[in-house]
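Inspection log for the structure reproduced underneath, given as structure tokens.
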Amino acid sequence: MKIQIINGPNLNLLGKREPDIYGNSSFEDYLIKLREKYPDVQIDYFQSNIEGELINALQAADDAQCDGIILNAGAYTHTSIALRDCIKSLRVPVIEVHLSNVHAREEFRHISMIAPVAKGSIMGFGLDSYRLAVEALLG
Ligand code: DQA
């Protein structure tokens, strides 16, 4: 089982960025624990602040025939038709995740370009949203 986690813009700042919303842990520290919890699953990780690099990473994960992609596209969730088109073209299932419950926040976060083309969406559970997404993929 091989899962690709892809994080979008500003998620490299987890632990430092708005900790009241996103918590105090860096993604790298969380990833160590996540990998320990699923020793039989290969969990690859990529982060970029650049929209096109996220698209390249999604296409590469699909080409590599991983079993699933967990995508937190950050603010591109709400704006990126290019990411939506990309996800729609993939064979591998993509799970949309967010640390925060975007529906409990500003109105501009209530729209997701990605949700209609994702297998499902998990949000509002902090970093645990990623574990829940792994569970969903393990099915
Ligand atoms: C986020 C929610 C987005 O609205 C925001 O732009 C982010 C993080 C989340 O994980 O809660 O960058 O995707």
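Summary of computed values
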{"read-out": "Accessible area in the full protein assembly, largest first, 1.4 Å probe, for SER121, SER112", "value": "SER121, SER112"}
{"read-out": "Point-to-point label distance, GLN65-TYR38, nm (Cα→Cβ direction, 7 Å offset)", "value": "2.0"}
{"read-out": "Dipole axis of the chain (+1 Lys, Arg; -1 Asp, Glu on Cβ), positive-most option in ASN7, THR77, ILE32", "value": "THR77"}
{"read-out": "The chain - accessible surface per residue (Å², probe 1.4 Å)", "value": "50"}
{"read-out": "Residue-level accessible surface for GLU107, protein heavy atoms, 1.4 Å, Å²", "value": "150"}
{"read-out": "Nonlocal amide H pairs with HIS98, under 5 Å, H built at 1.01 Å", "value": "ILE122, MET123, GLY124"}
{"read-out": "Long-range amide H partners of VAL41 with built H, under 5 Å", "value": "none"}
{"read-out": "Dipole magnitude (debye, nearest 20) for the chain, charges at Cβ of Lys, Arg, Asp, Glu", "value": "160"}
{"read-out": "Relative contact order (percent, whole number), region 34-139, Cα cutoff 8 Å, 6+ residue spacing", "value": "25"}
{"read-out": "Solvent-accessible ranking of GLU36, GLU106, GLU96, largest area first, probe 1.4 Å", "value": "GLU36, GLU106, GLU96"}
{"read-out": "Area accessible to solvent at ASP44, 1.4 Å probe radius, in Å²", "value": "50"}
{"read-out": "Phi-based couplings in Hz for region 108-118 (Karplus 6.51, -1.76, 1.60; Gly and Pro marked x)", "value": "5, 8, 6, 9, 10, 5, 8, 3, x, 10, 8"}
{"read-out": "Sequence-distant residues sharing a close amide H with ILE5 (under 5 Å, placed H)", "value": "ASP44, TYR45, PHE46, ILE70"}
{"read-out": "CYS66 accessible area, assembled protein chains, probe 1.4 Å, Å²", "value": "10"}
{"read-out": "Spin-label model distance (nm) - GLU18 vs ASP128, 7 Å beyond Cα toward Cβ", "value": "2.1"}
{"read-out": "Using a Förster distance of 25 Å, the FRET efficiency for ALA82-GLU106 (Cβ separation, nearest 0.05)", "value": "0.65"}
{"read-out": "Residue order for HIS110, HIS78 - accessible surface, 1.4 angstrom probe, largest first", "value": "HIS110, HIS78"}
{"read-out": "Percent carbon-and-sulfur accessible area, the chain, ignoring ligands, DNA and RNA, probe 1.4 Å", "value": "50"}
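The values are calculated or read from the model by the stated rules, or taken from the named source; none is laboratory data. Just so it is clear, the structure is predicted and the values come from calculations on it, not from any experiment. Note that each Cβ is placed from the backbone with ideal geometry, even for glycine, and that neighbours are counted across all protein chains shown. Only protein heavy atoms, including side chains, enter the accessible area calculation; ligands, DNA and RNA are left aside. Shrake-Rupley method; radii C 1.70, N 1.55, O 1.52, S 1.80 Å.
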